[in-house]
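Asker: Below you'll find the structure I mean.
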Amino acid sequence: MLSNQDSAGKRTSLHGHWSSRMAFILAVTGSAVGLGNIWKFPYIAGQNGGGAFVLVYLICVIVIGMPVMMSEILIGRRGRRNPIATMELLGKEEGSSGNWRWVGGMGVLAGILILSYYSVIAGWTLGYVVKSASGVFVGATAEAVSAEFSGFVGDWRVIGFCHTLFMSLAIFVVARGVERGLEQAVRFMVPALLILMLVLLGYSINSGSFGEGVAFMFTPDWSKLTWGSVLAALGQAFFTLSIGMGAIMAYGAYLPEETSITGASAAVVTADTSIAILAGLAIFPLVFANGLDPADGPGLVFQTLPLAFGQMAGGVFFSTIFFVLLSFAAWTSAIGLMEPAVAWVVEHYNKSRSAATVLIGGLIWVIGLASVLSFNVLAETKFLAGTLFDNVDYLTSNIMLPLGGLLITIFAGWVMCRNSTADELGSSGSLYKAWRLLARFIAPIGILFVLINAVT
Ligand code: PFF
């Protein structure tokens, strides 16, 4: 194990530090805002009946997501290593056990599994950049847009190629290190994405069934809510905020000491949630206006938005830009998904960053082939949660991330002593008390309650 202390004996990170508080917020936002907001949130909300699901999701984000995110950042900053080594180090330091490293280990594994299918969907967005630019969606009917989508994902060679392309891009930027490039990309991408979502929203208010869409998203029909959908809402809260798997812990390891963890977390949670809600508001009115099915699944966004763009003035331009931005958003998220694994290989096996990235990236690419095939050759091979893709998604979002979050809050709330956490969160006032109450009781009990009810 490489040592990571500076000359004054203070712990530092081997992978460099963020240049500023803003750089950290941008990087975490870049990791949080991704396919989860624009591709996954609308389709999961659609499959789970809308309103009641959205409400439960928002509650999960605030009472569970926020304290878990703060816990991850504070653990990461205190340990200043990869999530596995940090959990081991702090476990011992706080008088518990080095076995807490297994929580880090589960996170590393979750990141690898999530990226394996995330890259496939990100590949679709790359494919849709080309499709948009070619003008195939101009004036297209709902049926034509759906047929285009089915034809696209039905060909494993095409989406396999897109998956390969996306993984290569991810490997390229992760190999270059934490700061270079990433900050600039996010600084431009998040505002641009927000503006485009507003353009889409404008279109959807004028041309979609806006009232119906809003009612679907915000009128809770509690009869549709099952424990399964509560778990899906919890899993989505974890997924969209990139928490429960050590990604934010890895980013926290590069965080300068004076930055406020509470402020940074609040900024990220607000940005992330706003983009998801905007995406829902733009998409559902279009779904209803065009007689599409909100429960259609992973293809929802790829079938509604091109339809809207196809009817809009300047649609080819907007559509191309939109899928470029979405690819960027996926790219900055992919970095977060790889970071725990890469940082671990670098530190544990003493490998160079590029070697570690190629190794981990290659492994993820291979596992991703299972998801590529889930939409065509193996589309009918179903067990447990559905196709191979559905199972990897269910296992990671609904089981591994909540379980990781549960253990992380127990660690921060119960294993770490009050002084350590108060030291990192920088206050003993009411904000600190609120965090401690949420991290010790509300979040762990809430997660456990949902997991037990949904799985039994
Ligand atoms: N939060 C990302 C999204 O919503 O698309 C997905 C993600 C990225 C999850 C990074 C976990 C992670 F570490």
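The values are calculated or read from the model by the stated rules, or taken from the named source; none is laboratory data. All values derive from a computational prediction rather than experimental measurement. Cβ atoms come from the backbone with ideal geometry, glycine included; neighbour counts cover every protein chain shown.
Asker: List every residue pair whose Cβ atoms lie under 7 Å apart, where the two residues are 6 or more positions apart in sequence or sit on different chains, the first residue falls within segment 402-416 and is modelled with pLDDT of 95 or more, and the second residue, located anywhere, is of a type in the set (D, E, K, R).
Answerer: Between residues of segment 402-416 that are modelled with pLDDT of 95 or more and residues that are of a type in the set (D, E, K, R), the close pairs are Ile408/Glu72; Gly413/Arg436; Gly413/Arg440; Trp414/Arg440; Val415/Glu94; Met416/Glu94.
Asker: Would you call Pro67 more than 13 Å from the ligand (Cβ to nearest atom), of a type outside the set (A, V, I, L, M) and at pLDDT 95 or above?
Answerer: yes
Asker: Let me ask something additional. Run down Phe137, Phe172 and say which single residue is away from the ligand (no atom under 16 Å from the Cβ) and part of a helix (DSSP H, G or I). Please lay out each step first, then the result.
Answerer: Details: Phe137 fails: part of a helix (DSSP H, G or I).
Only one candidate qualifies: Phe172.
Asker: Here are the criteria: (1) surrounded by fewer than 24 Cβ atoms within 10 Å (Cβ to Cβ); (2) of a type outside the set (Lys, Arg); (3) within 16 Å of the ligand (Cβ to nearest atom); (4) at pLDDT below 95. Tell me which single one Ala142 does not satisfy.
Answerer: Against the list (1) surrounded by fewer than 24 Cβ atoms within 10 Å (Cβ to Cβ); (2) of a type outside the set (Lys, Arg); (3) within 16 Å of the ligand (Cβ to nearest atom); (4) at pLDDT below 95, Ala142 comes up short only on (3).
Asker: On the basis of being farther than 17 Å from Ser265 by Cα, without any contact (Cβ under 8 Å) to a residue 24 or more places away in the chain and basic (Lys, Arg), does Lys92 make the cut?
Answerer: Yes: the conditions hold for Lys92.
Asker: How many of the residues in segment 186-228 are of a type in the set (A, V, I, L, M), within 22 Å of Leu58 (Cα to Cα) and assigned to a helix (DSSP H, G or I)?
Answerer: Of the residues in segment 186-228, 9 are of a type in the set (A, V, I, L, M), within 22 Å of Leu58 (Cα to Cα) and assigned to a helix (DSSP H, G or I).
Asker: Tell me, yes or no, whether segment 426-447 has at least one residue that is more than 18 Å from Ile62 (Cα to Cα) and surrounded by 16 or more Cβ atoms within 10 Å (Cβ to Cβ).
Answerer: yes
Asker: Here are the criteria: (1) under 24 Å from Ala330 (Cα atoms); (2) in a helix (DSSP H, G or I). Tell me which single one Ala147 does not satisfy.
Answerer: Result: Ala147 passes all but (1).
Asker: Could you list, in sequence order, the residues of segment 327-346 that are among the hydroxyl-bearing types (Ser, Thr, Tyr) and over 14 Å from Phe239 (Cα atoms)?
Answerer: Ser327, Thr332
Asker: Then there is this: Any residue at all in segment 382-393 that is touching a helix residue (DSSP H, G or I) at 6+ places or on another chain (Cβ under 7 Å), outside any helix (DSSP H, G or I), surrounded by 19 or more Cβ atoms within 10 Å (Cβ to Cβ) and hydroxyl-bearing (Ser, Thr, Tyr)?
Answerer: yes
Asker: Does at least one position in segment 252-270 carry a residue that is crowded, with 24+ Cβ neighbours inside 10 Å and of a type in the set (Asp, Glu)?
Answerer: So far as segment 252-270 goes, no, none of its residues is crowded, with 24+ Cβ neighbours inside 10 Å and of a type in the set (Asp, Glu).
Asker: Output yes when any residue across segment 76-85 is within 16 Å of the ligand (Cβ to nearest atom) and touching a Lys or Arg at 6+ places or on another chain (Cβ under 6 Å), and no when none is.
Answerer: Taking every residue of segment 76-85 in turn, at least one turns out to be within 16 Å of the ligand (Cβ to nearest atom) and touching a Lys or Arg at 6+ places or on another chain (Cβ under 6 Å).
Asker: Let me confirm something: among Gly413, Gly386, which residue is out of contact with any Cys (no Cβ under 6 Å at 6 or more places or on another chain) and at positive phi?
Answerer: Gly386
Asker: Moving to a separate point now. Which residues, counting only those in segment 359-381, are surrounded by fewer than 23 Cβ atoms within 10 Å (Cβ to Cβ) and under 26 Å from Gly79 (Cβ atoms)?
Answerer: Of everything in segment 359-381, those that are surrounded by fewer than 23 Cβ atoms within 10 Å (Cβ to Cβ) and under 26 Å from Gly79 (Cβ atoms) turn out to be Leu359, Leu363.
Asker: Could you run through segment 394-425 and say how many residues are among the acidic types (Asp, Glu) and surrounded by 20 or more Cβ atoms within 10 Å (Cβ to Cβ)?
Answerer: Counting residues in segment 394-425 that are among the acidic types (Asp, Glu) and surrounded by 20 or more Cβ atoms within 10 Å (Cβ to Cβ) gives 1.
Asker: Additional query: Sort out which residues of segment 237-257 are near the ligand (Cβ under 7 Å from one of its atoms) and not in a helix (DSSP H, G or I), and write them in order of number.
Answerer: Result: Ser242, Met245.
Asker: When you check Phe53 against the structure, is it crowded, with 17+ Cβ neighbours inside 10 Å, among the aromatic types (Phe, Trp, Tyr) and either modelled with pLDDT of 95 or more or on the phi > 0 side of the Ramachandran plot (or both), yes or no?
Answerer: yes
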